[in-house]
Amino acid sequence: MVDLKYTPVEEIEKIQATLRNGFRSGRTKNIEYRKYQLLQLAYMLQDNVKRLEEALAADLGRPPLESQFLEIGPSMMDARNAWAGVDKWAKTERAPFSINGFAMRPVIYKEPKGVVLIISPFNYPVWLCMSPLAGAIAAGNAVLLKPSESTPHVSSLFAELIPKYLDPELVAVVNGGVPETTKLLDLPWDHILYTGSGQVGRIVSAAAAKHLTPVSLELGGKSPVFIDPNCDIELAAKRILWGKCVNAGQTCTAPDYVLVPREVQDKFVNALKNSMDNFYPESVATPGVFSRLVTPQAFNRIKGLLDNTKGTIVIGGEMDEATKFIAPTIVKDVPTNDSLMNEEIFGPVLPIVPVKDVEEAIAYVNSNDHPLAVYVFSQDAAYKQKVFSRTQSGSAVANEVVIQPGIEGLPFGGIGPSGSGYHTGKYTFDMFTHLRASLDSPGWLDKILGFRFPPYTDKSIKASQRILKSLPPRPTGPPRTNNAMANGSATKWWGKYFFLAFVLATIGGLTKPVKILGRKFVPKILG
Ligand code: NAD
C-alpha cells in the first residue's frame, strides 16, 4: 500500500501563483507549444501503461483488460486526438455573414480561459484526470489537477510523472482530501470542472459562486434500463450484466436498475444467469477477475442497501469485507420504495423492478431526477422513440450500455441533477475556451450607421428601423405539434444519405452516358 503524500495546505496558494505566472508568460497561446505538451501527455501514458495498470489493480483490484479498454487506451487517444484536432479547433472563426455586421469584420477568437481547476473522482481515476487535462491543455490553459485521495496508487503516480513530462509552470497536481480541496475551492479560478457526486457538486458550486467562477459538473444518478418484452433478451442480459460488472459497478454510466415487463422478468433472470456462467467460468472472487469496492465505507454502504432490500436475491450476494469484495448480485421483484431504489447504487448490484408496461416505466423514471443515461433494449423504432422522447437524461442509448462517453464526436454530460456542461474531445476544448467576440469597425460605416448619434430625429428613428429584418407571416390556426426527438431527424439525414448513395450508385453503374443539368456524363466503364 502506497502512502499518498498530501500537498501541504499552506503551499496551495503558491502553486496556484506559479500556474498563473506560467499562463501569463503567454506560451500557451502558441499552438505548437500546446501540441508539444499533448504529445508529452500521450507518451507519458504510453511509457507507463504497466505502472498505471498496476496502480489501478492496487487501488480497485481492476482486471488489466478493463483498465486498458476503459481508461488507459481512451486517455491516450484523447491526448492524441486533441493533438490532431487543436489546429482546427483553435482557429479564429468568422461570424456568419450578416448584411448589418459584415463591414465590421466580426470574428470569434478561441482564447484559453486561464488557470483552471480539475477535481476528479476515484472510479476512473486515470481517464477522468487525463481526458479533461488533454482538453484544457489543447485550449491553452494552465491546469491544477486534484485527483481522488481514494485511489492513492494512481494519484501518487500522477504526482511523480506529471512534473517529469509536462511544463511544471502550466500543470500541477495537488493531492489530498477534504481540507486540501476546500483550500483549493477558496481560491478564484477561471473554470472548475468537478466530476463526482451531486452532494460534493453542491459544495463546489457554492464555493465557485463566491468568485463567480464558471463551473462544469459531471455528476451521477440512477440510470434506468427499459426492456421491450420483444427484444433480444439474451443480448440485453449480456450487455447489461457487463455494464454492471465492469469496475464492480463503480461507473457513472452503469445501468443502475432495470424496468422489466412483469411477464418477462424470469426469462431475463435466466438470461442473466447464462451470461454470468459465461463471463466467470472460475470463481468471480478470484483476484484479478473482478474489481473490488474502493473503500471499506463503499463496501458497507452497498452491504447496507442489500441487507435492507425487500427484493429476492437470485444471483450472487457473496461478500468478503476484508477484500471489499461483493459478487455481481441480481435482485428481482424490487419495489420502487426499496433501499436499492433510493440512491445511486455505484456497486455490482442490479435491482430488477417489474412493471406493467412501458407507460408505467416512463412514469416512474419521470418521477425521479433526470439520470445521466436512459438505456433501452428494443428492436422496435417506435418503442425506442417513445422512451427517448418522453424522458430526459444526459444520453439516450439503445441496445448498449456504459460506453457512450468513449464514442468519438459525442458530447458527454448530464442534465439537471446528473450534471451540467459537456466534455470529451472537442467538447472539452470548448468547455475550457472563451469565445472572444471581436470586430474592427471602419470609419466610413458612420455614413450608414450615423443615425445612432444624437440628436435623435424622426429621420434617424426611421433609419434605425430600416436595419431590422421583417418577421415571417403571423401564424394561423393551432401550432403543429411533433413529439419526434432529434434522433428522428438523424434518421431522416441517414435517409437522405442512402438516397444520395443510391443515386450515385445508379449513375456509376449505368452503361450509357447520361445527361445531368445539361452536362453529359460518360461512366468510367465506357470511357
Ligand atoms: P466524491 O464526490 O466523493 O469525490 C470526488 C472528488 O471530490 C475527490 O477528488 C474528493 O477529494 C473531492 N471531495 C470529496 N469530498 C469533498 C468535500 N467535502 N469538499 C471538497 N471536495 C471534496 O465522488 P466519488 O465518490 O469519488 O465519485 C462518485 C460519483 O461520481 C458518483 O455519483 C458517480 O456517478 C459520479 N461520477 C460522474 C462522472 C461523470 O462524468 N458524470 C464520472 C465518474 C463519476
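Considering region 185-202 alone, what residues qualify as being part of a strand (DSSP E or B) and more than 10 Å from the ligand (Cβ to nearest atom)?
Let us first name the residues in region 185-202 that are part of a strand (DSSP E or B), namely 191-195.
Within region 185-202, 191, 192 meet the criteria.
Among the residues of region 308-316, are any assigned to a strand (DSSP E or B) and within 18 Å of residue 263 (Cβ to Cβ)? Walk me through it before giving the result.
Looking only at region 308-316, we keep the residues that are assigned to a strand (DSSP E or B), and these are 312-315.
In the following step, the residues that additionally are within 18 Å of residue 263 (Cβ to Cβ) were identified as 312, 314.
Checked against the condition, which is being assigned to a strand (DSSP E or B) and within 18 Å of residue 263 (Cβ to Cβ), region 308-316 yields at least one hit.
Anything in region 249-278 that is of a type outside the set (Gly, Ala, Ser), part of a helix (DSSP H, G or I), within 22 Å of residue 325 (Cβ to Cβ) and in contact with a Pro (Cβ under 8 Å, 6 or more places away or on another chain)? List them, or say none.
Of region 249-278, the ones of a type outside the set (Gly, Ala, Ser) are 250-253, 255-270, 272-274, 276-278.
Now drop any that are not part of a helix (DSSP H, G or I), which leaves 262-270, 272-274, 276-278.
After this cut, where a residue has to be within 22 Å of residue 325 (Cβ to Cβ) as well, the list is 272-273, 276-278.
Once the filter is applied, which keeps residues that are of a type outside the set (Gly, Ala, Ser), part of a helix (DSSP H, G or I), within 22 Å of residue 325 (Cβ to Cβ) and in contact with a Pro (Cβ under 8 Å, 6 or more places away or on another chain), region 249-278 yields only 276.
Restricting the search to region 408-431, which residues are farther than 29 Å from residue 364 by Cα, assigned to a loop (DSSP other than H, G, I, E, B) and either away from the ligand (no atom under 11 Å from the Cβ) or of a type in the set (Gly, Ala, Ser) (or both)?
We begin by selecting, within region 408-431, every residue farther than 29 Å from residue 364 by Cα; these are 408-409, 424-431.
With the extra rule that they be assigned to a loop (DSSP other than H, G, I, E, B), the set shrinks to 408-409, 424-425.
The answer is 408, 409, 425.
Scanning for something out of contact with any helix residue (DSSP H, G or I) (no Cβ under 8 Å at 6 or more places or on another chain), in contact (Cβ under 8 Å) with a residue 60 or more places away in the chain and surrounded by 11 or more Cβ atoms within 10 Å (Cβ to Cβ), does region 289-301 turn up at least one residue?
yes
Any chance you could count how many residues in region 159-184 are assigned to a helix (DSSP H, G or I) and either in contact (Cβ under 8 Å) with a residue 60 or more places away in the chain or away from the ligand (no atom under 12 Å from the Cβ) (or both)?
Of region 159-184, the ones assigned to a helix (DSSP H, G or I) are 159-165, 178-184.
Filter again for either in contact (Cβ under 8 Å) with a residue 60 or more places away in the chain or away from the ligand (no atom under 12 Å from the Cβ) (or both), leaving 159-165, 179-181, 183-184.
Going through region 159-184 one residue at a time, the tally reaches 12.
Could you check region 307-330 and list, in sequence order, the residues that are surrounded by fewer than 17 Cβ atoms within 10 Å (Cβ to Cβ) and not small (Gly, Ala, Ser)?
Step one: filter region 307-330 for residues surrounded by fewer than 17 Cβ atoms within 10 Å (Cβ to Cβ), giving 307-308, 310, 312-313, 317-318, 320-323.
Result: 307, 308, 310, 312, 313, 318, 320, 321, 323.
I need the full set of residues from region 326-362 which are free of Cβ contacts under 8 Å to residues at least 60 places away in the same chain and part of a strand (DSSP E or B), in order please.
Result: 329, 331.
The rows are residues; the columns are (1) of a type in the set (Val, Ile, Thr); (2) in contact with a strand residue (DSSP E or B) (Cβ under 9 Å, 6 or more places away or on another chain).
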position: 360; (1), (2): no, yes
position: 367; (1), (2): no, no
position: 399; (1), (2): no, yes
position: 402; (1), (2): yes, yes
position: 417; (1), (2): no, no
position: 422; (1), (2): no, yes
position: 430; (1), (2): no, yes
position: 447; (1), (2): no, no
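May I ask you to list the residues in region 168-190 that are surrounded by 18 or more Cβ atoms within 10 Å (Cβ to Cβ) and closer than 19 Å to residue 25 by Cα? I'd like the intermediate steps shown before the answer.
Taking region 168-190 and keeping what is surrounded by 18 or more Cβ atoms within 10 Å (Cβ to Cβ), we get 170-176, 180-181, 183-185, 189-190.
Listed by number, the residues that qualify are 170, 171, 172, 189, 190.
Among the residues of region 113-158, which ones are within 10 Å of the ligand (Cβ to nearest atom) and among the hydroxyl-bearing types (Ser, Thr, Tyr)?
Correct list: 120, 124, 131, 148, 150, 151, 155.
Give me the residue from region 363-373 that is surrounded by fewer than 24 Cβ atoms within 10 Å (Cβ to Cβ) and in contact (Cβ under 8 Å) with a residue 60 or more places away in the chain and, out of that set, nearest to residue 405 (Cα to Cα).
370
No lab work stands behind these numbers, since they all come straight from the coordinates. Model, not experiment: these values are computed from the prediction. Reconstructed Cβ throughout: ideal geometry from the backbone, glycine too, with neighbour counts over all protein chains shown.
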